[in-house]
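The values are calculated or read from the model by the stated rules, or taken from the named source; none is laboratory data. Just so it is clear, the model here is predicted, and its values are computed rather than measured. Neighbour counts are summed over all protein chains in view; Cβ atoms, including those assigned to glycine, are modelled from backbone coordinates with ideal geometry. Surface accessibility is based on the protein's heavy atoms, side chains included, excluding ligands, DNA and RNA. Shrake-Rupley method; radii C 1.70, N 1.55, O 1.52, S 1.80 Å.
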Amino acid sequence: MPQRADAAALSYRDCVSAKIKCLRYYRQQKKRVSRDRVSLLFMGDNDMISQLTSTERQYALVILVLMSLCGLVMAAGGRGDPLGVHGFVVLAFSVGLAFVLISGFYAPQPDPEQQTQYYDDPTKVGIALTMAWAVFGMFFGVWVASLLAWPDLTFDQAWSSFGRMRPVHTTGVIFGFGGNALIATSFHVLQRTSRARLSDQLSPWFVLFGFNLFCVLAVSGYFMGITQSKEYAEPEWYADIWLVIVWIVYFAIYLRTLARRKEPHIYVANWYYMAFILVVAVLHIVNNLAVPISFGSAKSYSLFSGVQDAMTQWWYGHNAVAFFLTAGFLGMMYYYLPKHAGRPIYSYRLSIISFWGITFFYMWAGSHHLHYTALPQWVQTLGMSFSAMLLVPSWASAGNALATLNGAWHKVRDDATLRFMMVAAVFYGIATFEGSFMAMRPVNALSHYTDWTVGHVHAGTLGWNSMIVFGAFYALVPWLWKRESMYSPKLVEVHFWLALAGAVVYVFAMWNSGIIQGLMWRTYTENGVLAYSFLDSVEAMHPYYIARAFGGLLFLTGTIICSYNIWMTVRAGKALATDNDAEGDIPVFARNAVQAGE
Amino acid sequence: MEPRKRDKVTGRTTTGHIWNGIEELETPIPKVVFAFLAGTFLFAVLCWVLYPAWPFGVSYTKGLLGFDQRNVVTEQVAKAEAARIEDWGGKVEALDYAQIEADPALMQPVREEGRRLFEDNCAACHGVKATGGPGFPDLTAKAWLWGGSSETIAETIRVGINGTAEDTRSSQMLSFGKDQMLDREQILNVVAYVRSLSDLEPAAGDAARIEPGKEIFAQNCASCHDEDAKGNQELGAPNLTDETWIYGSDQQAVYTTVYNGRQGHMPSWGERLTPLQIKILALYVHTLKAPQ
């Protein structure tokens, strides 16, 4: 009996101490996990703030206080106007970031040793923001696509009408998804190919968060009905001014870091990234010249009117495609494709003439968006002829990318990451051919105002832009977080096929519906009257609109899988055994080769 | 610079630059690229020579073809129009409505063009099948506000109803309730009476209201809708004894109509369509049949 009592006592004590241990362990784990989680979300990450020097922390606080004041002024000056709401958005954004900053304000100074390494924190946050915007923007894409098939899906709300949700989709994917991907990868590529750390640690954060504030202002504005009615340039004057400031800082980072480079030559990817930053600034400033009706109002009037306005808008619009969606993404391709394939670039000379060809020819081509309009015909002829010549450097770039894969095609077969990049180059070739083809006036007579245009744009954005981003991220994420591979290579494969199927279904649906529309609008009966009313053509589109929404849904599903895979790679991916990455993403040329920061 | 190496796959040498492991080959630009560039450049030059292209000062090069898109489209439209007029449009313009309707061969293109015109211009309000909807008349019901002959339909299309043309048809039903001409009880009475005229199922308590309602109708409504409530096409006042109700026939709907009054709008299409197009539309509408 006593034995039993002893045993009971012991087991009780054991129980208690085990429970305490357990709790302690659990708390530690929880703390660790939540710290991991936070460092994933980055927002409240003391680790990332402790990387900033105390001077940088002070500057950051000053900037955030200034931004908060700006928000307050906007909120006060714009009372009773949507501008006031945006004032509060700016205020909340800045104060929120200030709280995060203050939470780590008195953390110890960073180890000076870190100055000898690359600075990748903004890239990591940029990747997270990219994926968040991708899911958001593509979700709205599927919604607006469904709206065209089932118009009742607005649920009778003003904010969910087609005219407001469409720019939410386009801004969400082009600027939110594409822009963040460009910023994130450009910081990474710039440092690797210059063998230099970013010029400072504050300005990359300013660019990243500043750009996202712009996107938030844009998208929230559309829901409220704020727009200056210029396609892909919808945000109003105050958001435009803010983007100019952000963009100048972005370009300064590029120039200053390049000035510190340890390589004798500037790598081609950086030419493309720089062309992207510089030209987008020029386009953005000129097209958005406008006079606000008052400083207390969101509304403004463009400096241009009539056909000049249309021409300026499409000079902007087409070169936004050229320099935002082409040049920047070619920069991405020129780094991640050869790097991941382990192959040298096929031809240095081809990269050069393609770069200058694209830069020169694109500038003239915008007027092909205005064929058969009030635009004088001579401008149309120039737009058409330069669009034809533009095909040469476009295909040269695509060809250079594909020829680079010579000697690595077995990897393309086995590795979905590289296949993403290969398919991107193929779609780039298809979309640029299609673009030049549609710029021919006789072709445009059929294709203009039809869904063919929508199909063409999505061949570019789904097939080229998204695929190259996914390929680049699947290569970059394991490098950055020092993982052996993605969490699930199988899910990368699943994503590849979903994305490809989605893009193909989408594009084929729109080719069909677009050409059917174009033909229906120009078919006459033998009595010389139009055979179809506009409504007939709308009814004929219905099955294709359903197919398009389905294709988009496949693509969105792939993107969600990608986000999950990246999340799990960061959280639970298998760490690299050694610090010395065979892929060479860690400074190859020993630490002292990376130039120390100031 | 790193020493140049020979790439085993292509047999080309590298340029000697290495960026974080990325190298470039010294592959010359393939000849096909130059050929392609020359081809597209020739195409461009051809465009510039043949079509209006380069600006100089206040003018621009006109191109050898003397091609002008505005002239081209004007000519093509005029030519197609002339062919249509010669083919059948001229006849439609010249003959009167009864003659056209009696000619099945002529009605064929009229129906084709009429349907297209109707769907592009009228269907937004009257529906693709012309059956209307709440607030918009059903054109297949033959319950005409302003008259149902082809001529009067054409006139209604031309001038519109409460439209912007100077000679537009205009009509308005007064707001008997809102403007305090009738009180609630009186309106309920007259609604009961009006609804009884087309044998609609009476609402609760309507039986006692019909008689007093008749009195109110005679004093307030008959001047437009006529003593027998069959309406007046001179004034655009609808027949209240038939089965057609533009704004709904239940007690609540009719009450709302009497309380707030009504003033429908139809654009003055003479400002946008040609006389021939209006004639075609009138013929099309006149021959519409109610869907089975």
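Here are the numbers for the structure shown:
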{"item": "Single residue of the stretch A:193-218 satisfying the filter (over 23 Å from residue A:53 (Cβ atoms) and in contact (Cβ under 8 Å) with a residue 60 or more places away in the chain) that is surrounded by the most Cβ atoms within 10 Å (Cβ to Cβ)", "result": "A:193"}
{"item": "Within the stretch B:29-47, considering residues that are farther than 14 Å from residue A:391 by Cα and open to solvent by 60 Å² or more (accessible area, probe 1.4 Å), the one nearest to the other protein chains (Cβ to nearest Cβ)", "result": "B:46"}
{"item": "Sole residue being touching a Phe, Trp or Tyr at 6+ places or on another chain (Cβ under 9 Å), in a helix (DSSP H, G or I), buried (at least 24 other Cβ atoms within 10 Å of the Cβ) and at pLDDT 95 or above, chosen from A:170, A:185", "result": "A:185"}
{"item": "Which listed residue is open to solvent by less than 30 Å² (accessible area, probe 1.4 Å), of a type in the set (Gly, Ala, Ser) and at pLDDT 95 or above, from A:573, A:528, A:551", "result": "A:551"}
{"item": "Test for residue B:22: is it in contact (Cβ under 8 Å) with a residue 12 or more places away in the chain, closer than 30 Å to residue A:336 by Cα and either more than 8 Å from chain A (Cβ to nearest Cβ) or out of contact with any Gly (no Cβ under 8 Å at 6 or more places or on another chain) (or both)", "result": "no"}
{"item": "Residue selected from the stretch A:299-323 under the condition outside any helix (DSSP H, G or I) and out of contact with any strand residue (DSSP E or B) (no Cβ under 8 Å at 6 or more places or on another chain), by the criterion farthest from residue B:8 (Cα to Cα)", "result": "A:305"}
{"item": "Some residue of the stretch B:206-213 being among the acidic types (Asp, Glu) and not in a helix (DSSP H, G or I)", "result": "yes"}
{"item": "Among (1) surrounded by fewer than 16 Cβ atoms within 10 Å (Cβ to Cβ); (2) within 36 Å of the chain's Cα centre (by Cα) - the single one residue B:204 does not satisfy", "result": "(2)"}
{"item": "Tally, over the stretch B:114-141, of residues that are of a type outside the set (A, V, I, L, M) and within 14 Å of the chain's Cα centre (by Cα)", "result": "14"}
{"item": "Filter result for residue A:563 (at pLDDT 95 or above and within 11 Å of chain B (Cβ to nearest Cβ))", "result": "no"}
{"item": "Restricting the stretch B:8-19 to residues that are at the interface with another protein chain (Cβ under 7 Å from one of its Cβ atoms) and out of contact with any Asp or Glu (no Cβ under 8 Å at 6 or more places or on another chain), the residue that is nearest to residue A:440 (Cα to Cα)", "result": "B:10"}
{"item": "Count - residues of the stretch A:260-312 that are touching a residue at least 24 places away in the same chain (Cβ under 8 Å), of a type outside the set (Val, Ile, Thr) and away from chain B (no Cβ under 14 Å)", "result": "20"}
{"item": "Identity of the residue in the stretch A:395-411, within 27 Å of the chain's Cα centre (by Cα) and free of Cβ contacts under 8 Å to residues at least 60 places away in the same chain, that ends up farthest from residue A:343 (Cα to Cα)", "result": "A:395"}
{"item": "Boolean, residue B:12 is open to solvent by 90 Å² or more (accessible area, probe 1.4 Å) and touching a strand residue (DSSP E or B) at 6+ places or on another chain (Cβ under 7 Å)", "result": "yes"}
{"item": "Qualifying residue in the stretch A:376-396 (condition: open to solvent by 20 Å² or more (accessible area, probe 1.4 Å), within 8 Å of chain B (Cβ to nearest Cβ) and within 28 Å of residue A:499 (Cα to Cα))", "result": "yes"}
{"item": "Residue A:463 vs. criteria touching a residue at least 60 places away in the same chain (Cβ under 8 Å), small (Gly, Ala, Ser) and closer than 29 Å to residue A:339 by Cα", "result": "no"}
{"item": "Members of the stretch A:47-60 found to be of a type outside the set (D, E, K, R), open to solvent by 40 Å² or more (accessible area, probe 1.4 Å) and within 26 Å of the chain's Cα centre (by Cα), listed by number", "result": "A:51"}
{"item": "Residue in the stretch A:94-112 that is hydroxyl-bearing (Ser, Thr, Tyr), in the same structural domain as residue A:49 (by TED's automatic domain parsing), open to solvent by less than 60 Å² (accessible area, probe 1.4 Å) and within 22 Å of residue A:223 (Cβ to Cβ) present", "result": "yes"}
{"item": "Out of B:182, B:145, B:200, sole residue that is within 19 Å of residue B:270 (Cβ to Cβ), in a loop (DSSP other than H, G, I, E, B) and of a type outside the set (S, T, N, Q)", "result": "B:145"}
{"item": "Residue ID - nearest to the other protein chains (Cβ to nearest Cβ), chosen from residues in the stretch A:531-542 that are open to solvent by less than 60 Å² (accessible area, probe 1.4 Å) and assigned to a helix (DSSP H, G or I)", "result": "A:535"}
{"item": "Residue match in the stretch B:73-91 (condition: open to solvent by 30 Å² or more (accessible area, probe 1.4 Å), more than 30 Å from residue B:150 (Cα to Cα) and within 10 Å of another protein chain (Cβ to nearest Cβ))", "result": "yes"}
{"item": "Test for residue B:288: is it assigned to a loop (DSSP other than H, G, I, E, B), in contact with a helix residue (DSSP H, G or I) (Cβ under 8 Å, 6 or more places away or on another chain) and surrounded by 14 or more Cβ atoms within 10 Å (Cβ to Cβ)", "result": "no"}
{"item": "Where residue B:187 falls short, out of the listed (1) part of a loop (DSSP other than H, G, I, E, B); (2) more than 34 Å from the chain's Cα centre (by Cα)", "result": "(1)"}
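Every residue, every condition in (1) open to solvent by 10 Å² or more (accessible area, probe 1.4 Å); (2) under 11 Å from residue A:288 (Cα atoms); (3) assigned by TED's automatic domain parsing to the domain that holds residue A:77; (4) at pLDDT 95 or above, yes or no:
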site	(1), (2), (3), (4)
A:222	no, no, no, yes
A:227	yes, no, no, yes
A:237	yes, yes, no, yes
A:250	no, no, no, yes
A:261	yes, no, no, no
